[in-house]
Amino acid sequence: MKFIQGTFSCFIAVVFLLVITPSLAAVNLTGAGGTFPAPMYAKWADAYFKNTGNRVNYQGIGSSGGIRQVIAKTIDFGGTDIPMSEEDLNRNDLFQFPTLTGGIVVVVNIPGIASGQLILDGETLGDIYLGKIKRWNDPAIVRLNPGLNLPGINIAVVRRSDGAGSTYVFTRYLEKVNSRWKANVGSGATVRWPTGLGGKGNDGVAAFVQRLRGSIGYVEYTYAKPGNMAYTRLVNAEGKAISPNEASFRAAGDGADWSQSFSQDLTNQKGDNAWPVTSATFILIPKKQRNIAKGKEILRFFDWAFKNGDSLATELDFAALPDPLVEKIRAAWQTNIKDSSGEHPLYP
């Protein structure tokens, strides 16, 4: 009888271990935030799952939503294209670090004009979005495009109707390069637009531009390229007409001074090949991690991405961060991300 009881107890113990071991081994993460990096995080997460068996689920709900949810602690990490200020980070006991750089591009639907043919500068682009320049054969546009046959049709301005990190980046650029824009509109995830049709999300803007003859809009490059949308070249801070691509996004990041803060504004950076509407995208995590396993897994995932994700980033025309910056981020993890007591680092 004792033998049977002992055997039965062992059997129950083995079954118990078999049932709980997978759940103990797998540490699954939930993140949400900016749509800008969502395609890249999905690719990283898929490769990471195949490598480790751990799942990372990221929902592109917008930067504002990511900030709200990470503050409310309803997600493990937040994503934002709008860097939080040091004051806000300290108030909410959050740590912020960049993961990638990418570009916002200007897209057009002009009969007879192919991708990369039209050149705009910041002054002219700002005046289009202010409603000052109303037709495609305006002298200011013709001056930048000698020899290009520009039709005398009305410009249909398209912009985001919802709060968006891409709007923040786009308007930060216009604020730097057009004094009238700076004085009358400024920058932000939402602004009081002087003119234009509002589309919700990148998809909404893209749909309007593809449908409306003579239209102009701005979208993330990862949406423009697969849709074969006609993008413009832009004149950068060095006076060069630049095309958007991974190399020009990387050039903007390489030209930034990351020594003081991880929250660098990459718009209108110096550099011959720098795309002027470039942005880093950021991750937000609590400095004190209540769940040590999840806290370590967040850092493990992004550490893996920094080591293994460059080629995946290039496939989607994002630019990986410079190696010296990645080393600074790792050092900052060790200093800032700790257990709930605030005493024990979770990295490495």
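The values are calculated or read from the model by the stated rules, or taken from the named source; none is laboratory data. This is a predicted model, so every value here is computed, not measured. Cβ sites come from the backbone with ideal geometry, for glycine too, and all protein chains shown count toward neighbours.
Worth a mention:
- Restricting Ile283, Ile292, Ile298 to residues that are under 25 Å from Thr74 (Cβ atoms), in contact with a Leu (Cβ under 8 Å, 6 or more places away or on another chain), of a type in the set (A, V, I, L, M) and in contact (Cβ under 8 Å) with a residue 60 or more places away in the chain narrows the list to Ile298.
- Residues of region 67-105 that turn out to be in contact with a Lys or Arg (Cβ under 8 Å, 6 or more places away or on another chain), surrounded by fewer than 16 Cβ atoms within 10 Å (Cβ to Cβ) and either hydrophobic (A, V, I, L, M, F, W, C) or more than 20 Å from Asp339 (Cβ to Cβ) (or both), as a count: 0
- Of the helices (runs of 4 or more DSSP H) lying entirely inside region 240-348, those containing at least 3 residues that are at pLDDT 95 or above and either outside the structural domain of Thr167 (by TED's automatic domain parsing) or in contact with a strand residue (DSSP E or B) (Cβ under 9 Å, 6 or more places away or on another chain) (or both) are 246-254, 292-308, 323-336.
Residue-wise test of (1) touching a residue at least 60 places away in the same chain (Cβ under 8 Å); (2) in contact with a Lys or Arg (Cβ under 7 Å, 6 or more places away or on another chain).
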{"residue": "Asn149", "(1), (2)": "no, no"}
{"residue": "Arg172", "(1), (2)": "yes, no"}
{"residue": "Lys182", "(1), (2)": "no, no"}
{"residue": "Arg192", "(1), (2)": "no, no"}
{"residue": "Thr195", "(1), (2)": "yes, no"}
{"residue": "Ala206", "(1), (2)": "yes, no"}
{"residue": "Glu220", "(1), (2)": "yes, no"}
{"residue": "Asn236", "(1), (2)": "no, no"}
{"residue": "Ile242", "(1), (2)": "no, yes"}
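- Here region 202-222 is the region considered, the condition is being among the β-branched types (Val, Ile, Thr) and in a strand (DSSP E or B), and the residue that is surrounded by the most Cβ atoms within 10 Å (Cβ to Cβ) is Val219.
- Residue that is surrounded by the fewest Cβ atoms within 10 Å (Cβ to Cβ), among those in region 223-233 that are under 20 Å from the mean Cα position of the chain (by Cα) and over 11 Å from Gly116 (Cβ atoms): Pro226
Okay, residues lined up against (1) assigned to a strand (DSSP E or B); (2) in the same structural domain as Ser248 (by TED's automatic domain parsing); (3) farther than 22 Å from Phe318 by Cα; (4) basic (Lys, Arg):
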{"residue": "Ile113", "(1), (2), (3), (4)": "no, yes, yes, no"}
{"residue": "Gly116", "(1), (2), (3), (4)": "no, yes, no, no"}
{"residue": "Gly126", "(1), (2), (3), (4)": "no, yes, yes, no"}
{"residue": "Tyr129", "(1), (2), (3), (4)": "no, yes, yes, no"}
{"residue": "Lys132", "(1), (2), (3), (4)": "no, yes, yes, yes"}
{"residue": "Leu148", "(1), (2), (3), (4)": "no, yes, yes, no"}
{"residue": "Val157", "(1), (2), (3), (4)": "yes, yes, yes, no"}
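- Unique match (being surrounded by 16 or more Cβ atoms within 10 Å (Cβ to Cβ) and farther than 30 Å from Val235 by Cβ) among Lys296, Lys307: Lys296
- Out of Val177, Val169, Val191, sole residue that is modelled with pLDDT of 95 or more, surrounded by 17 or more Cβ atoms within 10 Å (Cβ to Cβ), of a type outside the set (Lys, Arg) and out of contact with any Asp or Glu (no Cβ under 8 Å at 6 or more places or on another chain): Val191
For every residue, the table says whether it meets (1) of a type in the set (Gly, Ala, Ser); (2) in contact (Cβ under 8 Å) with a residue 24 or more places away in the chain; (3) part of a strand (DSSP E or B); (4) assigned by TED's automatic domain parsing to the domain that holds Val326.
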site: Ala32; (1), (2), (3), (4): yes, yes, yes, yes
site: Phe36; (1), (2), (3), (4): no, yes, no, yes
site: Lys43; (1), (2), (3), (4): no, yes, no, yes
site: Asp46; (1), (2), (3), (4): no, no, no, yes
site: Asn54; (1), (2), (3), (4): no, yes, no, yes
site: Gln59; (1), (2), (3), (4): no, yes, yes, yes
site: Ile71; (1), (2), (3), (4): no, no, no, yes
site: Pro98; (1), (2), (3), (4): no, yes, yes, yes
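For every residue, the table says whether it meets (1) at pLDDT 95 or above; (2) closer than 25 Å to Asp323 by Cβ; (3) among the aliphatic types (A, V, I, L, M).
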site: Ser23; (1), (2), (3): no, no, no
site: Ala26; (1), (2), (3): no, no, yes
site: Asn54; (1), (2), (3): yes, no, no
site: Asp81; (1), (2), (3): no, yes, no
site: Thr99; (1), (2), (3): yes, yes, no
